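Q: One structure is given below, represented as structure tokens, and several questions about it will come after.
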Amino acid sequence: MTDGDGEYIASLRRLPLTSPEHLLAGRALVVIAPHPDDESLGMGGLLASAQSMGTPVTVVFLTDGEGSHVGSPSFPPETLARWRRAEATDALFALGIPPTSARFLALGDARLDALCATTREAAMNALRACVPSPALVCVTARTDPHGDHRAASSIVNDIDWPEGVAVMEYPVWTWLADETGLPTQAATGYRVDITTALVAKRRAIAAHRSQHGGVITDAEQAFELEASFLAMFDHPTETLVWPTR
């Protein structure tokens, strides 16, 4: 346990170490990201490793992340959506993944937890169509203190997946969560060794330029990934946990 860690975060750090080869075991990899950059932060190393192994890889972006800079005259939502899609494909390129492996559902940034029943069902059907069998599906963790991340977990776990499809969750904002909002039981899952893919992961994270500051300077409400937060992902392991009901 590092200084300041609560019990749940400490349990994440104690998860057994595995390799991408052992984790995937011949299955396709599908990573589901609420916004462009979540895939690079949480799963960039595994994505790069899977691609280099010849594993079929798909990355599904549920939203275009168009709500990150509210009130920018130079980057209104429709412009920012296009910009962030381009950043997403640049990030995948950094991981060795072609743009044809990306799917964009454009469900609306900051609105995933408020989808009407019809739209939610359509999203579930679209996700089901993106996933072959056998496959490992990775989605943001329900423990992330972010509405879109939790909604993404809920949507994915509500799908009636065929035999051969397993779902695991990757924490992004969980690392900063208040322990009082985290499970009381220890996490189960794996830490995945991404040592050989860490340089590619760094390049992918850097490709999301609009999220690092300096690109959009006229927003009323601007989001920026802080250096201390990014440092949490500059590590030779990535974390995957089994969903809990």
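The values are calculated or read from the model by the stated rules, or taken from the named source; none is laboratory data. Because the structure is predicted, anything quoted here is derived from the model rather than measured. Note: ideal-geometry Cβ built from the backbone for every residue, glycine included; neighbour counts use all protein chains shown. Side chains are part of the model used for accessible areas, which takes the heavy atoms of the whole protein and leaves out ligands, DNA and RNA. Shrake-Rupley method; radii C 1.70, N 1.55, O 1.52, S 1.80 Å.
Q: Calculate one ³J(HN,Hα) per residue across segment 56-63 by plugging θ = phi - 60° into the Karplus curve 6.51 cos²θ - 1.76 cosθ + 1.60, and present them in order as whole Hz with x for glycine and proline.
A: x, 10, 9, 10, 10, 9, 6, 10
Q: Report the dimensions of the chain along its three principal axes from the alpha-carbon atoms, largest first, rounded to Å.
A: Taking max minus min along each principal axis of the Cα atoms, the chain gives 47, 43, 35 Å.
Q: Express the Stokes-Einstein translational diffusion coefficient of segment 40-182 in µm² s⁻¹, to the nearest whole number, given a Kirkwood radius over alpha-carbon pairs, 4 °C and a viscosity of 1.567 mPa s.
A: Here the translational diffusion coefficient equals 80 µm²/s.
Q: A follow-up question, please. Can you give the Rg and Dmax of segment 116-158 based on its C-alpha atoms, in angstrom?
A: Answer for segment 116-158, Rg first and Dmax second: 11.0, 31 Å.
Q: Moving on to the next point. Would you please give the residues with an amide H less than 5 Å from that of V139, counting only those at least 5 places away or on a separate chain, with H modeled from the backbone geometry?
A: Counting only residues 5 or more places away or on other chains, the set is I32, M168, E169, Y170.
Q: Follow-up question, since we're still on this one. Find the all-direction average of the projected area of the Cα convex hull for segment 146-191, expressing the result in square nanometres with one decimal place. Mind dumping the intermediate values first?
A: On the way: hull surface 17.0 nm².
That works out to 4.2 nm², a quarter of the Cα hull's surface.
Q: For segment 117-245, build the charge dipole from Cβ charges (+1 Lys, Arg; -1 Asp, Glu) around the Cα centre, then report which of V167, L225, T118 sits farthest towards its positive end.
A: V167
Q: Sticking with this structure for a sec: Which trypsin sites (Lys or Arg not before Pro) does segment 196-233 hold that lie in a coil by DSSP with at most 12 other beta carbons within 10 Å? Numbers along the way, then the final one.
A: Working: sites: K201, R202, R203, R209; in loops: none.
Nothing satisfies the criteria.
Q: Could you please report the charge total around F61, scoring K, R as +1 and D, E as -1 over all other residues with beta-carbon less than 9 angstrom from its beta-carbon? Could you put the intermediate results ahead of the total?
A: Working: positive: R84, R85, R103; negative: D38, E39, D64.
Here the charged neighbours net out to 0.
Q: Work out, in µm²/s and without decimals, the Stokes-Einstein translational diffusion coefficient of segment 1-91 at 25 °C, 0.890 mPa s, Rh from Kirkwood over C-alpha pairs. Walk me through the intermediate numbers first.
A: Working: Rh = 15.5 Å.
For these conditions, the coefficient is 158 µm²/s.
Q: Taking a probe of 1.4 Å, how large is the accessible area per residue of the chain, in Å²?
A: Details: 10760 Å² over 245 residues.
With all protein chains present, the chain gives 44 Å² per residue.
Q: How large are Rg and Dmax for segment 20-73 when only the alpha carbon atoms are used, in Å?
A: Just the Cα atoms of segment 20-73 yield Rg and Dmax of 13.9, 48 Å.
Q: Run the accessible area of the chain with a 1.4 Å probe and give the carbon-and-sulfur part as a rounded percent. Could the numbers behind the result be given before it?
A: Numbers: 5810 of 10760 Å².
Carbon and sulfur together cover 54 percent of it.
Q: Place the peptides 96-103, 186-193 in order of packing, highest mean first, counting for every residue the other Cβ atoms within 10 Å and averaging per peptide.
A: Details: 96-103: 16.1, 186-193: 19.5.
Ranked by mean Cβ neighbours within 10 Å, highest first: 186-193, 96-103.
Q: Consider all pairwise Cα distances in segment 103-245 and report the whole-number % of them above 19 Å.
A: On the way: 6295 of 10153 pairs.
Value for segment 103-245: 62 percent of Cα pairs lie more than 19 Å apart.
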